[in-house]
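Asks: Encoded as structure tokens, here's the structure I'll be asking about.
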Amino acid sequence: DFGSPAVNVNGISATTYTLTNDLALDNGANTIYYWKVLANDGSKDGAWSATRQFTLLSEVSMSLPNSTSDFGTMAQNAYDDTLDSVPSPILVQNDGNTFIDVNVSLLSGLWITQPSPTTYFRYLIANYTGEAGAFNWSGSQTTWSNVPTSNNTAIDYLNYTDASDVARFDINITVPPDESVGSKGAVLSFVGWFGE
């Protein structure tokens, strides 16, 4: 009924108009919007146009601007993490147009002597420099936790606006005391979906 419109603008003199408010942020994605226009020639109003509609669809899209962390050579019982950015944490960025939740799971374990999940391979989610408030802190894994072998929600409600769309995935490792020497590696899976 257009009783309380999301956008109500008068005096547009151009053939195109760009909204100043973010409809996805105001009302969420996957929302149907109805619109109509009224022309005025400077002296009187014309008739309202027919009512039209469009649906603002959600786009779930994410990337890993930094997808690796290299801890280099470490001795047995040695401990290191990415909190000081040496090595760099993994960065998770929301490239879509809606808030997303992000799951993490371990596809291949890091250690031979300590099968995952283990306290020898942990993670937490933290703010990325300059993008504080990019995710729901209380719903995200913001304290050290063992990297899971099945999907667990790591990041809750990651924002999509450019000023706050990146979160840190910090890693904490300890070399097991009986781990053999040699190159070690792990593969993680990050899955994003529409955040509610």
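Asks: Give me the 1.4 Å probe accessible area per residue for the chain, excluding ligands and nucleic acids, in Å². Don't jump to the answer; show the numbers that get you there.
Replies: Details: 11410 Å² over 196 residues.
So the chain comes to 58 Å² accessible per residue, rounded to a whole number.
Asks: Roughly how many debye, to the nearest 20, is the charge dipole of segment 64-154 about its Cα centre, given +1 on each Lys and Arg Cβ, -1 on each Asp and Glu Cβ, and no other charges?
Replies: Rounded to the nearest 20 debye, it is 220 debye.
Asks: Now for a different question. Hey, if you put +1 on the Cβ of every Lys and Arg and -1 on every Asp and Glu Cβ in the chain, which of 60, 140, 181 ends up farthest toward the positive end of that dipole?
Replies: Of the options given, the answer is 60.
Asks: Also: What whole-number distance in Å separates the alpha-carbon centres of segment 141-196 and segment 40-87?
Replies: Centre-to-centre (Cα) distance: 17 Å.
Asks: Arranged from highest to lowest average of other beta-carbon atoms within 10 Å per residue, in what order do the peptides 53-59, 116-122, 166-172 appear?
Replies: Result, highest mean first: 166-172, 116-122, 53-59.
Asks: So what is the relative contact order of the chain, in percent, for Cα pairs below 8 Å that sit 6 or more residues apart?
Replies: Numbers: 393 pairs, mean separation 47.8, N = 196.
Computed value for the chain: 24 percent relative contact order.
Asks: If we sort 150-158, 68-76 on the protection proxy, mean other Cβ atoms within 10 Å, highest first, what's the order?
Replies: Most protected by this proxy first, the peptides run 150-158, 68-76.
Asks: Around residue 153, under 14 Å between beta carbons, what's the net of Lys plus Arg minus Asp minus Glu among the other residues?
Replies: -3
Asks: What does the chain give for Rg and for Dmax, in Å, if only its C-alpha atoms count?
Replies: Just the Cα atoms of the chain yield Rg and Dmax of 23.9, 87 Å.
Asks: Quick one: net charge of residue 143's neighbours, Cβ under 15 Å, K/R +1, D/E -1? Spell out each step's value before the answer.
Replies: Details: positive: 122, 168; negative: 81, 156, 170.
Here the charged neighbours net out to -1.
Asks: Please work out how much length the chain gains when fully extended from residue 36 to residue 196, using 0.36 nm per residue of separation minus the C-alpha to C-alpha distance, in nm with one decimal. Write down the numbers at each step before the final one.
Replies: Details: separation 160, 0.36 × 160 = 57.60 nm, distance 2.97 nm.
54.6 nm is the gain from fully extending residue 36 to residue 196.
The values are calculated or read from the model by the stated rules, or taken from the named source; none is laboratory data. None of these values were measured; they are calculated from a predicted model. Every residue, glycine among them, receives a Cβ derived from its backbone with ideal geometry; neighbour counts consider all protein chains shown. Heavy atoms of the whole protein, side chains included, go into the accessibility calculation; ligands, DNA and RNA do not. Shrake-Rupley method; radii C 1.70, N 1.55, O 1.52, S 1.80 Å.
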